[in-house]
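Here the structure is laid out as structure tokens; the discussion comes afterwards.
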């Protein structure tokens with residue numbers, strides 16, 4: 001999770017916005033049961049204010065995901081790709 005936490009927000013990069021707050025590590029929800037958190041290997045970097053905890057973010061109405069036309073699994077694939085490029 002440390003390498004993911006050091007990355008920039010993948011959703012801000014995707015929609016062409018500048019990240020304006022710290023990076024949070026978000027555990028994707030796909031495949032997790034109700035009230036459960038997925039594995040630490042299934043995480044993506046999201047900025048705290050806009051894409052993670054903001055009203056339009058993953059824990060809000062998810063409109064930023066719809067704007068980018070992606071799912072949480074798409075963001076995970078992008079994160080894995082970026083980690084492999086950096087290795």
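Coordinate-derived values only; no laboratory data. Predicted, not measured: the structure shown is a model, and the values here were computed from it. As a convention, Cβ positions derive from the backbone with ideal geometry for all residues, glycine included, and neighbour counts pool all protein chains shown.
Residue 86 to residue 39: extension gain in nm, 0.36 nm per residue of separation minus the Cα-Cα distance? Write out the running numbers ahead of the final one.
Working: separation 47, 0.36 × 47 = 16.92 nm, distance 2.17 nm.
Length difference between fully extended and current span is 14.7 nm.
Among rounded, prolate and oblate, which fits the chain when a ≥ b ≥ c are the square roots of the eigenvalues of its C-alpha gyration tensor, a/c under 1.5 means rounded, and a/b larger than b/c means prolate?
Here the chain falls in the rounded category.
Taking 0.36 nm per intervening residue step and subtracting the Cα-Cα distance, what contour gain separates residue 53 from residue 17 on full extension?
Length difference between fully extended and current span is 11.3 nm.
What ranking do 24, 40, 74 get, fewest neighbouring Cβ atoms within 10 angstrom at the top?
40, 74, 24
Based only on other Cβ atoms within 10 Å, what is the fewest-to-most ordering of 71, 23?
Ordered by Cβ neighbours within 10 Å, fewest first: 71, 23.
With a 10 Å Cβ neighbour count serving as the proxy for reagent exposure, in which order, fewest first, do 85, 49 appear? Present the calculation step by step, with values, prior to reporting the outcome.
Details: 85 7, 49 16.
The order, fewest Cβ neighbours first, is 85, 49.
Once label points are set 7 Å from the Cα along Cα→Cβ at both residue 29 and residue 62, what is their separation, rounded to one decimal in nm?
0.6 nm
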